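Contents: one structure, followed by commentary.
All of the numbers you see were taken from the coordinates with simple rules; none came from a lab. Remember, predicted model here, so these are calculated numbers, not experimental data. Every residue, glycine as well, gets a Cβ built from its backbone with ideal geometry; the counts of neighbours run over all protein chains shown.
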Amino acid sequence: MNNIIETVKDYYGKQLQSSDDLKTSSCCCNERPPAAVREILPLIADEIKNRFYGCGSPLPPLLEGMTVLDLGCGTGRDVYVASKLVGESGCVIGVDMTTEQIETAIKYREEQRKRFGYKESNVKFFQGYIEDLRSLGIEDNSVDVVISNCVINLSPEKEQVFREIYRVLKPGGELFFSDIFADRRVPESLAEDPLLRGECLGGVMYTEDFQAHGKMRMDGFQIHGHTRP
């Protein structure tokens, strides 16, 4: 488990400096983001957008005033888009384990506040693990919407990720995420390959495992997924 975590940290912290450094198209999506997201993207700093490695757009409409949690936020693109969608009365929390990624996200916190015309920033960033949100002080039943963009596949403890999502969501809360799935379990030799792991292929979720660990764990909550085969 620790080897996988360190491999992913190295890949996203040291080896990738922009989306141009990706070796495959697995972390890309040809679909255009929703209109509401497209309108906000010009307001996001270029460095944030250039270091975006998501595979979709798990950002729902009608977020005004809500608390949103982004698991594996990277440099914060989706956090800052959500910041605009929730408005000044809402709050967005970004969590990422990679130092270089989270430092970039934090660096633009004040600049993005000014770009949005807010009196105070409505975003918070924590460096930590999506498998252990409790250690970051994210309380039970405290989040309206959880989002994640091509990150859950990177975790070596996916069931624990869903446990934490279940814990922090308010009753009736929603999970929106984009990720990559497989119709069979990935062989161990491929799952441990550093390049495939970093490119979101080695750790892809087997659809049947997601049914067992994800949807069962989230019984009573709403899940909205955008998947890549």
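Some notes on this structure:
- Summing +1 for each Lys or Arg and -1 for each Asp or Glu among the other residues whose beta-carbon sits under 12 angstrom from that of residue 7 gives -2.
- Greater than 24 Å apart at Cα, pairs in 49/124; 84/107; 14/119: 14/119
- Treating each Cα of the chain as one equal point scatterer and applying the Debye formula with no solvent, the log10 of I(q)/I(0) at q = 0.13, 0.16, 0.18 Å⁻¹ comes out as -0.71, -1.12, -1.46.
- Interchain or long-range residues, amide H under 5 Å from residue 182's placed H: 205, 206, 207
- Charge context of residue 90, other residues only, Cβ under 10 angstrom, K/R +1, D/E -1: -2
- Dimensions (Å) - the range 113-220, Cα atoms, principal axes, largest first: 51, 33, 23
- 15 Å beta-carbon shell around residue 115, net charge (K/R +1, D/E -1): +1
- Relative contact order (%) - the range 65-122, alpha-carbon pairs under 8 angstrom, separation at least six: 38 percent
- From the C-alpha gyration tensor of the range 127-166, square roots of 5λ in Å: 16, 12, 10
- Dividing the alpha-carbon radius of gyration of the range 78-167 by the rule-of-thumb value 2.2 N^0.38 Å gives 1.11.
- Taking every C-alpha pair closer than 8 Å and separated by at least 6 residues, the mean separation divided by the residue count of the range 104-210 gives a relative contact order of 24 percent.
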